[in-house]
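Colleague: I have a structure I would like to understand better, so I am pasting it below and will then ask my questions one at a time.
The values are calculated or read from the model by the stated rules, or taken from the named source; none is laboratory data. Quick caveat, the model's predicted, so the values are computed rather than measured. As a convention, Cβ positions derive from the backbone with ideal geometry for all residues, glycine included, and neighbour counts pool all protein chains shown.
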Amino acid sequence: MHTHDNSSYVSTTYSNKTLFYLHSLLSFIMATSHLQTKCSKCEETDTFLCNGCSMNFCSNHLKEHQQLLEIQLHQIQDDFNQFKQLITDLKNCPQKHPLITKIDQWENDSIQKIQQRAKQCRAILINDACTNEILDKIQIKLNDPNQQIIPNEKKIDFNEISLNKFKEKLEKLKEELNQSENISIEQQSNSLINEISIKFSKFS
């Protein structure tokens, strides 16, 4: 089995106090008793019992087993360091919180749903025959000289009273466009998007 230079790795990764703790822990886990039981890895009967996993190992496989435990300890220490760094990063930059990513995704999904629905409604309104009919009627009134919606100062006399009448006619046409009895926007009671909220649970 190929093994790494554990002494070099540990010296660069752990403090002396941590190293002492790891070796003490391994010594406790690997507390053994000399038995006449077959090794779990081979046919050797001169074995030692590992009190951690309750398996028997010969001297060679006992060393191999201890090396595997040391690798697992290194992995746990690496996970600890990464998690510790994650907490530091979240304290310094809350935007990195995993739930922020979920909120951003919900926002993007909601925007896409709203934009898609708005696009559909626009297409319906633009292509609707009633809409075109209303526009045609208003356009006819605008172009009708008898309506005199826009005064021509070169051809007629006008004063405040006549200006108010012209203004009223124009406002009436605007209302016909905005408040048509045939067309309106109806908001559904059921929500197009799923609302979210933040819920805090007490720490135990």
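Colleague: Scan the stretch 85-110 for residues that are surrounded by 11 or more Cβ atoms within 10 Å (Cβ to Cβ) and closer than 16 Å to Lys199 by Cβ and report the count.
Modeller: Count: 5.
Colleague: Among Gln82, Gln115, Gln139, Gln120, which is farther than 30 Å from Lys174 by Cα, without any contact (Cβ under 8 Å) to a residue 40 or more places away in the chain and surrounded by fewer than 14 Cβ atoms within 10 Å (Cβ to Cβ)? Full working, then the answer.
Modeller: Details: Gln115 fails: farther than 30 Å from Lys174 by Cα; Gln139 fails: farther than 30 Å from Lys174 by Cα; Gln120 fails: farther than 30 Å from Lys174 by Cα.
The match here is Gln82.
Colleague: Right, another one. Taking the residues in the stretch 65-79 that are of a type in the set (S, T, N, Q) and surrounded by 11 or more Cβ atoms within 10 Å (Cβ to Cβ) as candidates, determine which candidate is nearest to Ile198 (Cα to Cα). Please lay out each step first, then the result.
Modeller: Taking the stretch 65-79 first, the residues of a type in the set (S, T, N, Q) are 66-67, 72, 75, 77.
From what's left, surrounded by 11 or more Cβ atoms within 10 Å (Cβ to Cβ): 66-67, 77.
Details: Gln66: 47, Gln67: 46, Gln77: 33 Å.
Within the stretch 65-79, the match that is nearest to Ile198 (Cα to Cα) is Gln77.
Colleague: How many residues are part of a helix (DSSP H, G or I), over 21 Å from Ser191 (Cβ atoms) and not basic (Lys, Arg) when one looks only at the stretch 95-110? I'd like the intermediate steps shown before the answer.
Modeller: Quick first cut of the stretch 95-110, residues part of a helix (DSSP H, G or I) only: 95-96, 98-110.
Remaining after also requiring over 21 Å from Ser191 (Cβ atoms): 95-96, 98-101.
Retained after the next criterion (residues that are not basic (Lys, Arg)): 95, 98-101.
Count: 5.
Colleague: Return the pairs, sorted by first residue and then second, in which the second residue is at pLDDT below 70, the first residue lies in the stretch 184-204 and is exposed (fewer than 10 other Cβ atoms within 10 Å of the Cβ), the beta carbons are less than 6 Å apart, and the residues are 6+ apart or on different chains.
Modeller: none
Colleague: Here's something else I'd like to know. In the stretch 118-171, how many are at pLDDT below 70 and either touching a Lys or Arg at 6+ places or on another chain (Cβ under 7 Å) or charged (D, E, K, R) (or both)?
Modeller: Of the residues in the stretch 118-171, 6 are at pLDDT below 70 and either touching a Lys or Arg at 6+ places or on another chain (Cβ under 7 Å) or charged (D, E, K, R) (or both).
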